């Protein structure tokens with residue numbers, strides 16, 4: 001049965017991934033559309049923001065997986 005313990009964990013993980021992507025999309029859209037400062041300029045370096053987010057996600061995943069070393073080996 002898919003709704004056993006592992007099935008529920010899988011569904012929880014899928015929901016977490018989709019909610020993270022949706023949140024990231026909404027935040028990035030807000031940064032891209034909103035105007036900042038006295039000259040009302042748009043943020044022009046979104047690729048830097050995405051790069052910083054990717055590095056933070058990588059480091060967070062690495063930290064989380066440290067106690068589980070050997071589980072995937």
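Read the figures in this text as sums done on the coordinates, not as results from a lab. The structure displayed is predicted, hence computed values, not measured ones.
The long axis of helix 5-33 is offset from the longest Cα principal axis of the chain by roughly 10 degrees.
Principal-axis analysis of the Cα atoms of the chain puts helix 46-65 at an angle of about 20° to the longest axis. Taking the chain as a Gaussian network of alpha-carbon nodes connected by springs under 10 Å, the highest mean-square fluctuation of the residues 46, 11, 22 belongs to 11. Taking the helices alone, the chain has a mean residue ellipticity at 222 nm of -23500 deg cm²/dmol, built from -39,500 (n - 2.57) per DSSP H run of at least 4 residues and averaged over all its residues.
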